[in-house]
Amino acid sequence: MKNRKLGPAVQRYSNVSDEKSGGVTYTPKILADFVADQIVSAFRGRKKKDVVRVLEPSVGHGELLNSLLHKLKESGYRRVVVIACETDPESINITRNFIANNHPDCCLELIHSGFLEYVTDNFGSVSVQDDMFESAESEKFDIIIANPPYVRTQVLGAKESRILSQSFDLSGRVDLYYAFLLAMSLTLKPNGVAGVIVSNRFMTTKSGGVVRKEILQRYNVRHVWDMGDTRFFKAAVLPAVLLLEGVSGEKKNTLFTSIYECMGGPSKPVENLIEALNQDGVVEVQEDGRLFKVSQGVLSQEVGSTEVWRLATESQDDWLQQVKEHTWNNFKSIGKIRVGVKSCADKVFIRKDWDSVLHGSVPELLKPLTTHKVARRFKPTDDAVEVHILYPHISVDGKRSVLDIDNYPVSKAYLESHRKQLESRTYLIEAGRRWYELWVPQDPGLWNQPKLVFRDISEKPTFWMDLDGSVVNGDCYWMVADSEENVDLLWLACAIANSTFIEKFYDNSFNNKLYSGRRRFITQYVEKFPLPDPELITSRKIIELAKEIYKYTPSKKADLLQIELDALVSMALLGAPN
């Protein structure tokens, strides 16, 4: 870590003292026992008479530590020294009494400090720009067990997030547990073992790229369990468990297990979710009757890479190679993928009742707005209530500009009536912009062009063409072709994105699902979707069919054409049906 003093919010959130905003996800016993068992299994073979040094960076009420101490004792390790960090005095007292009652022989030192401050004071730098990880002479640990707090940048605040990002050389929408993962590497012995429960977001998000790279460099990663939508926690957290070793000897393949809820299929009964982790295929959990698909493979990633972490099997890799051989380019080559507009004052700018809000007068600057509520494959629905946005922006000589509202009296009167609320967006004013602007207006000159629009989150991909010149809201993504002659590529992309082929491509390439099987269609994934050569006869037919489907949607004919189109997409990108 660079020599910067961490701010008070970072120190406060370095532990779990505030459940709502401090990222608390207290570990259920069944998961705590699983992590402890994996650590001790990996640790076996060490001399039982030696002192085992244990670190718990965010001890909370001691549930994880308790499970670990039980497992160590069962395996014959009785000389255990524990250092645990905690910022909440009440939690310190609870943990001290809890461990003393259950493990009286344990030598426990509870440190009233945030873990990151503890590392700063005792172990030195974890800056990712250092060629060698600087470390003080403090004695390192044989075992680390942790469930660090999950605190996003918007909770920490802009100033504290900036300090955290600069201190640990992180970028984007970082989370506090990113810093914990980097800092723990300084404290682990080369032959030590760490078991860490984290949110699985870092494995697939753009902001997690640096952390993924650093984990592979700073640890030997033995096993990754993506716990998906198992709902181990009450909070809306999709957890992952990492079994890590210090860097010693040759790196080996990392085992990768994923488990996600599924709809059906032949299943094998298992008693609970932990037992399910040893299976491969669909299982039914006897506790509650839920069905899960469990997959076993290896981590498809190389040291030094920031690419997403995905589970790889031989069959998946062969399938992706087949796709690669039939790929001409990707969606990114068509044009830039953008998120929709963001006003940070939607109740002012976006309405359904513009006809009545100003007693019959309608603001001059209204534009139709596309939202996720009109989402449908190929062609937007027309049964949603029409929504318009007051859009005070224009393109002048190819550059975005803001309109002078003095020239638009009805729009001005309406905006002036909400001026106090709009001026409370101080970040807009501080950026030197006018008080009535949208925070993210995007490029006004692109709205009238044909656009491919899609939902951020959905179980099935839902991409459609917008030919009506509407503004796209921030709950959707969109793209236009870089040149007019490439508009047909948008139709080709629309066909591919709505296919069963792309569902399989997404799952094999990105391994990122939310609750109930929902996928996230964000820029970093969609821009990598493959395109076949548009000059192929099959590709021309795909484009023609996509336009026909748009024309006849909704109808039985359109539904039948989609089945035909689906087969053509697989033929184009696989050389055979999917």
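For Leu452, the criteria (1) within 26 Å of His326 (Cα to Cα); (2) among the aliphatic types (A, V, I, L, M); (3) open to solvent by 20 Å² or more (accessible area, probe 1.4 Å) hold in every case but one, which is (3). Hey, any hits in segment 336-346 for a residue that's over 32 Å from the mean Cα position of the chain (by Cα) and aliphatic (A, V, I, L, M)? The answer is no; no qualifying residue exists.
Phe232 - would you say it is outside any strand (DSSP E or B), at pLDDT below 95, open to solvent by 10 Å² or more (accessible area, probe 1.4 Å) and touching a helix residue (DSSP H, G or I) at 6+ places or on another chain (Cβ under 8 Å)? Yes: the conditions hold for Phe232.
Among the conditions (1) open to solvent by less than 10 Å² (accessible area, probe 1.4 Å); (2) within 15 Å of Asn147 (Cα to Cα); (3) within 17 Å of the chain's Cα centre (by Cα); (4) β-branched (Val, Ile, Thr), the only one that Val196 does not satisfy is (3).
Does Leu182 satisfy being open to solvent by less than 10 Å² (accessible area, probe 1.4 Å), over 21 Å from Val52 (Cβ atoms) and at pLDDT 85 or above? Yes. Just to verify a result, which residue in segment 484-518, among those that are at pLDDT 95 or above and among the small types (Gly, Ala, Ser), is nearest to the chain's Cα centre (by Cα)? Selected residue: Ala497. Within the set Ser305, Ser248, the sole residue that is surrounded by fewer than 13 Cβ atoms within 10 Å (Cβ to Cβ), of a type in the set (S, T, N, Q) and either modelled with pLDDT under 95 or at positive phi (or both) turns out to be Ser248.
Condition test on Val402, is it modelled with pLDDT of 95 or more and either over 30 Å from Phe463 (Cβ atoms) or aromatic (Phe, Trp, Tyr) (or both)? Yes: the conditions hold for Val402. Output yes when any residue across segment 201-216 is buried (at least 22 other Cβ atoms within 10 Å of the Cβ), of a type in the set (Phe, Trp, Tyr) and in a loop (DSSP other than H, G, I, E, B), and no when none is. No, that holds for no residue. Going through (1) modelled with pLDDT of 65 or more; (2) under 20 Å from Ser248 (Cα atoms) one by one, Ser199 falls short only on (2).
In summary, Lys367 fulfils each of the numbered conditions (1) at pLDDT 95 or above; (2) closer than 30 Å to Ile496 by Cα; (3) open to solvent by 60 Å² or more (accessible area, probe 1.4 Å); (4) not in a strand (DSSP E or B) with the single exception of condition (4). The residue that is nearest to Asp105 (Cα to Cα), counting only those in segment 39-94 that are among the hydroxyl-bearing types (Ser, Thr, Tyr) and crowded, with 19+ Cβ neighbours inside 10 Å, is Tyr77. Which of the numbered conditions does Trp328 fail, given that it passes all the others? Conditions: (1) within 29 Å of Ser483 (Cα to Cα); (2) free of Cβ contacts under 8 Å to residues at least 60 places away in the same chain. Every listed condition holds for Trp328 apart from (2). Figure legend. Inter-residue proximity from segment 548-570: first residues more than 11 Å from Phe378 (Cα to Cα) and open to solvent by less than 70 Å² (accessible area, probe 1.4 Å), second residues modelled with pLDDT of 95 or more and aromatic (Phe, Trp, Tyr), beta-carbon distance below 6 Å, spacing 6+ or different chains. Indicated pairs: Val569/Phe501; Ser570/Phe501. State which residue pairs qualify: first residue farther than 14 Å from Phe378 by Cα and inside segment 464-493, second residue among the basic types (Lys, Arg) and open to solvent by less than 30 Å² (accessible area, probe 1.4 Å) in any location, beta carbons under 6 Å apart, and separation of 6 or more residues or different chains. Here the result reads Val480/Lys451, each pair linking segment 464-493 to a residue that is among the basic types (Lys, Arg) and open to solvent by less than 30 Å² (accessible area, probe 1.4 Å). Would you tally the residues in segment 185-200 being in a strand (DSSP E or B) and among the polar types (S, T, N, Q)? Adding up the residues that qualify gives 2. As a summary of the residue check, Ala576 satisfies the conditions (1) farther than 14 Å from Phe501 by Cβ; (2) without any contact (Cβ under 8 Å) to a residue 12 or more places away in the chain; (3) not in a helix (DSSP H, G or I) except for the one numbered (1).
Against the numbered list (1) within 27 Å of Tyr427 (Cβ to Cβ); (2) hydrophobic (A, V, I, L, M, F, W, C); (3) touching a strand residue (DSSP E or B) at 6+ places or on another chain (Cβ under 9 Å), Ala345 comes up short only at (3).
The values are calculated or read from the model by the stated rules, or taken from the named source; none is laboratory data. Remember, predicted model here, so these are calculated numbers, not experimental data. Ideal geometry is used to build each Cβ from the backbone, glycine not excepted, and the neighbour counts take in all protein chains shown. What goes into the accessible areas is simple: the full protein's heavy atoms, side chains included, and nothing from ligands, DNA or RNA. Shrake-Rupley method; radii C 1.70, N 1.55, O 1.52, S 1.80 Å.
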